[in-house]
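**Q** Let me begin by handing over the structure; questions about it come next.
No lab work stands behind these numbers, since they all come straight from the coordinates. All of these numbers come straight from a predicted model, not from anything done at the bench. Glycine gets a Cβ as well: all are built from the backbone with ideal geometry, and neighbour counts include every protein chain shown.
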Amino acid sequence: MKYSILIIFISFLFASDIKNACEVYLSNLYPDNTNIKMHILKLNKHMKKKVENQVKQKFYRDKLYYWNIIKEDTTIAFAFLDNVIGKSMPITFLVVLNINGNIINTNVIKYREAYGGEVSNKGWLRQFESRNKDSSYEINKNIDGISGATISVKSISKGIQKISTLFPLIRNQLE
């Protein structure tokens with residue numbers, strides 16, 4: 001019983017830490033009079049399967065955390081938090097999209113592997129900016145590979161593609 005309570009408490013701390021890291025990151029990205037509101041989106045099974053089949057990567061969970069970024073009562077962007085599996089551990093990342101579904105920014109929130117952390121590099125992540133559901137995410141053609149981080153590059157690239165593919169399907173459900 002003691003161990004169960006300890007595990008729940010530690011899980012809550014990590015989840016809170018990641019949520020806070022996302023909100024600090026978004027506040028720094030949008031510092032001027034913006035309101036950032038977090039929500040949870042339960043993924044529809046049919047839509048989820050459609051995106052997974054198209055991108056060839058499964059969602060980590062049946063829900064996504066997302067934030068509306070609001071300026072003067074108008075939503076100007078959405079940020080989505082997701083996980084992908086690296087070599088053996090989850091990589092937690094954030095994708096910020098404008099209201100048309102174009103990627104504004106990406107960030108690796110938590111990298112847990114011993115190798116391949118270069119995918120957290122801002123320069124490498126910048127190549128996803130302006131991409132959308134119709135863009136190509138092919139490694140070594142449209143997306144730069146990173147020597148020693150092949151699995152992480154593939155996972156993150158597919159994860160970002162997954163969010164940009166999902167966005168037009170859920171856009172009308174977002175608060």
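**Q** 5 Å is the cut-off here: which amide hydrogens, built 1.01 Å from N in the peptide plane, fall below it relative to Ile143, excluding neighbours closer than 5 in sequence?
**A** For Ile143, whose amide H was placed from the backbone, the distant partners under 5 Å are Glu138.
**Q** Still on this structure: Springs between alpha-carbon atoms under 10 Å, Gaussian network over the chain: tell me which of Gln127, Gln161, Gln54 tops the mean-square fluctuations.
**A** Result for the chain, Cα springs under 10 Å: Gln54 fluctuates most.
**Q** Okay, moving on. Give me the lysines in straight-line cross-link reach of Lys141: C-alpha distance below 30 Å, same-chain residues under 8 apart excluded.
**A** Lys48, Lys49, Lys50, Lys56, Lys58, Lys87, Lys110, Lys122, Lys133, Lys154, Lys158, Lys162
**Q** Could you tell me which of Asn102, Gly159, Cys22 has its Cα farthest along the dipole of the chain towards the positive end, charges placed at Cβ (Lys, Arg +1; Asp, Glu -1), taken about the Cα centre?
**A** In the chain, that residue is Gly159.
**Q** When the dipole is taken about the Cα centre of segment 2-173, and only Lys, Arg (+1) and Asp, Glu (-1) are charged at their Cβ, what size is it in debye, to the nearest 20?
**A** 760 debye
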